Amino acid sequence: ERERLSRLRHTPAVTLDGQSIRLLANIERPGDCEAAMRGGAAGVGLFRTEFLFMGRAGKMPDEDEQYASYLEALDGMKGAPVTIRTIDIGADKPLDKGHREQSVLNPALGLRSIRWSLADASMFRTQLRAILRAARHGPVHLLFPMLSGVGEIRQTLAQLDLARAELDTRGVAYGTLKIGAMIEVPAAALMVRSFLKHLDYVSIGTNDLVQYTLAIDRADEAVAHLYDPMHPAVLRLIADVIAAANEAGKEVSVCGETAGDVTMTRLLLGLGLRCFSMHPAQILAVKQEILRADAAKLTEWAQTVLDSDDPQSLCAAAA
Ligand code: PEP
Ligand code: MG
């Protein structure tokens, strides 16, 4: 099976009815680009940069060290776009053992991700400057995690402007980039039309969207059986975000585990998704599903799935 799939590596990801689909890789370190290229990824849809910061006893990589890592990722992708997500520390991704989130009551609802970045603006701008500088050398899409409101987008974009101004003052060159947000908090999904006015694209983080929509801690074994990416409420949010972005003519991807789940590929295609980002090991299996799918025919079926109380069995029956 693995060998058969590997033959699909250079096959374009196009549906039976001629829809081109972008299949991107999620990476945690620049070194993962090799696996992404092996999987035939058309780019990186999610570089989880927090991994550059973790396990260093609180000593952050400085601007030059980060810049070198981002350049390495761009090099590794040989000119294909790299989506660099700003640090998403906290909850399931602690900075260090013993870091404060271990002692707060609800780390997933606490000072994590973009909230943490905005609370430590100088650390945040160091990262933004490194990303801006890297953007001179290849196509960079900047991605902000866990935004929950337009006010937060404004604060974030203000930090980006400041980071540019700091580089101007130093006389350091930087590039242009596309700016997007993760949609992974229900509030963001519900307000996506407002979000899109400020952004070039959005990327749906289903791992957190499921956690926050269903009130299921994604890291708690005791409730793991209730963690359901096909819950009708989750599907409705995903469907609405895809529809809103398509209507606005802006790119939308899914970069949570759902994107690499072959039992969800047809449904996501039917909902209008044309860009999937996943673990490199999943890309060829998802491509195989795409090659067998007729996207236009799936549109109506996907609406039936959305209206059903039991999407899981409908998807299983259609497989
Ligand atoms: C997500 O939440 O779906 C996501 C892609 O981000 P992470 O898994 O890194 O939280
Ligand atoms: Mg997330």
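Throughout, read-outs are computed from the coordinates displayed, never taken from laboratory work. Keep in mind that what you see is a predicted model, and the values were worked out from it rather than measured. Cβ placement follows ideal geometry from the backbone for every residue including glycine, while neighbour counts extend to all protein chains displayed.
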Checklist entry - Anyone know which of LEU95, LEU235, LEU16 comes out most mobile in the 10 Å Cα GNM of the chain? => result LEU16
Checklist outcome for this item: Whole-Å distance linking the alpha carbon centroid of the range 9-43 with that of the range 244-318 is 16
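Dipole magnitude of the chain about its Cα centre, charges +1 at Lys/Arg Cβ and -1 at Asp/Glu Cβ only, in debye to the nearest 20? Don't skip to the end; give the middle numbers.
Working: 35 positive and 40 negative charges, 171 e Å.
That gives the chain a dipole magnitude of about 820 debye.
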Checklist outcome for this item: Exposure proxy check on MET146, MET37: fewest-to-most Cβ neighbours within 10 Å is MET37, MET146
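Return the ratio Rg/(2.2 N^0.38 Å) for the range 102-152, where Rg is computed over Cα atoms only.
Values: Rg = 13.5 Å, N = 51, 2.2 N^0.38 = 9.8 Å.
Here the Cα radius of gyration is 1.38 times the empirical estimate.
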Checklist entry - In the structure shown, do any of LYS59/LYS287; LYS78/LYS178; LYS78/LYS250; LYS59/LYS250 have a Cα-Cα gap over 30 Å, and if so which? => result LYS59/LYS287; LYS59/LYS250
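Could you quote the convex hull projected area for the chain, Cα atoms only and averaged over all directions, in nm²?
Values: hull surface 64.5 nm².
Dividing the Cα hull surface by four gives the mean projection, 16.1 nm².
As a footprinting exposure proxy, order HIS141, HIS198 by other Cβ within 10 Å, with the fewest listed first. Show your work: numbers first, answer last.
Numbers: HIS141 26, HIS198 14.
Least crowded to most crowded, the residues run HIS198, HIS141.
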Next on the checklist: Limiting things to C-alpha atoms, what are the Rg and the maximum Cα-Cα separation (Dmax) for the range 2-152, in angstroms?
Outcome noted: 17.3, 53
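P(r) tail for the range 131-266, what percent of Cα pairs lie past 17 Å? Let's see the in-between values first.
On the way: 5708 of 9180 pairs.
In whole percent, the share of Cα-Cα pairs in the range 131-266 beyond 17 Å is 62.
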Checklist outcome for this item: Over the range 210-308, the quotient of the Cα radius of gyration and 2.2 N^0.38 Å is 1.09
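Using a 10 Å cut-off around each Cβ, can you sort SER6, SER203 from fewest to most neighbouring Cβ atoms? It would help to have the intermediate numbers written out before the result.
Values: SER6 13, SER203 29.
In order of increasing Cβ crowding within 10 Å: SER6, SER203.
If N is the number of residues in the range 2-42, what value comes out of its Cα radius of gyration divided by 2.2 N^0.38 Å? Before the final figure, lay out the partial values.
On the way: Rg = 11.7 Å, N = 41, 2.2 N^0.38 = 9.0 Å.
Normalised by 2.2 N^0.38 Å, the Cα Rg of the range 2-42 equals 1.30.
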